[in-house]
Amino acid sequence: MTARVALKVDCDTLEGTREGVPRLLDLLEARGIRATFYFTLGPDRSGVAIRRIFTRPGFLTKMIRSRAPSLYGWRTMLYGTVLPAPRIGARTEEILRGAGRAGHETGVHGWDHVGWHDGLDRMSLEAIAREYGAAHAEYLRILGVPARSSAAPGWTANARSLEVQEERALLHTSDTRGGSPFFPRAGGRTFRTLEVPTTLPTLDETLAWPELSGDAAQRAFFRQAVHGTEVHTIHAEVEGRSKSALFSAILDDWAADGVAFLTLSEIARETLGRRERVPARELSRTRLPGRGGEVTTGWPETEPAPA
Ligand SMILES: [Zn+2]
């Protein structure tokens, strides 16, 4: 089986979008790679995530191990708390358009990343529709065309968010972790928007794995991790900033091994070409090594195995 990787670039913060996206565009262009970018369009309230240090013991471990302030930038750690929350889309319009002009796919990550990640399960259908609609409206205003796909912040989805997403003519979503593409089932309903999961662990997770200390161990892990077609999520605020050299090395290792790169919509179109063989899978939540909190999955038995 050909080894293939689709790069899914989540842009969560203002600094990540403003500084990380241009750097990622440069290093992808240098390697002739097309990726799929998902933009957070509304307020950057990343500083509110600091609250998790005090409320979630597991997250504290992650924050310390991955040295979040150096990973994300100190300013980002204060947005929405002592600094006002800036609107990401409105401050980065040219950068978002630049990603499209460079030939990459783009889509909606969300409006308020922190609010969705922390609060989705407490949000009503109407509140989710407002939040999701605001993100799509801002995307349309800036990019000039409707988004054809979206990726839920923090891989947090439920029956209500799928119902809201189903109202749009999306080619696919990418809301979950693990396994092959499927049609999600939740709340007694099977949805017809194809879900294309992230299959590999993310660098911000593996950096917290004690057995992978140092760049050489990280590179060796990602080099052996590609089997068949993988979706690899990176973060503009991490791989586009403090970890761009390590990410470049990972890309070069994959290229040296003959890994081909494709986009999420290419995976979606391939999969929909054999629609009758695509399974329906019930959504559930799971925990992943190196990540605080839970993520949504359609394949709960799929455990990324730390080396
Ligand atoms: Zn995100």
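A few points about this structure:
- In region 116-131, the condition of being buried (at least 21 other Cβ atoms within 10 Å of the Cβ), within 15 Å of the ligand (Cβ to nearest atom) and not in a helix (DSSP H, G or I) is met by no residue.
- Output for region 1-11, where each listed residue is modelled with pLDDT of 95 or more and either within 16 Å of the ligand (Cβ to nearest atom) or surrounded by fewer than 17 Cβ atoms within 10 Å (Cβ to Cβ) (or both): ALA3, LEU7, LYS8, VAL9, ASP10, CYS11
- Only one of GLU205, GLU195, GLU211, GLU230 that is of a type in the set (D, E, K, R), within 23 Å of ARG287 (Cβ to Cβ) and within 16 Å of the ligand (Cβ to nearest atom): GLU205
- Any hit, region 144-163, residues being outside any strand (DSSP E or B), of a type in the set (Asp, Glu), out of contact with any strand residue (DSSP E or B) (no Cβ under 9 Å at 6 or more places or on another chain) and away from the ligand (no atom under 16 Å from the Cβ): no
- Residue match in region 240-255 (condition: touching a Pro at 6+ places or on another chain (Cβ under 9 Å) and buried (at least 17 other Cβ atoms within 10 Å of the Cβ)): yes
- Matching residues in region 77-99 - criterion: being of a type in the set (Val, Ile, Thr) and open to solvent by less than 50 Å² (accessible area, probe 1.4 Å): ILE88, THR92, ILE95
- Condition met for LEU170 (free of Cβ contacts under 8 Å to residues at least 60 places away in the same chain and in a helix (DSSP H, G or I)): no
The values are calculated or read from the model by the stated rules, or taken from the named source; none is laboratory data. Fair warning: this is a prediction, and the values are worked out from it, not measured in the lab. Glycine gets a Cβ as well: all are built from the backbone with ideal geometry, and neighbour counts include every protein chain shown. Keep in mind that these areas ignore ligands, DNA and RNA; they rest on the heavy atoms of the full protein, side chains included. Shrake-Rupley method; radii C 1.70, N 1.55, O 1.52, S 1.80 Å.
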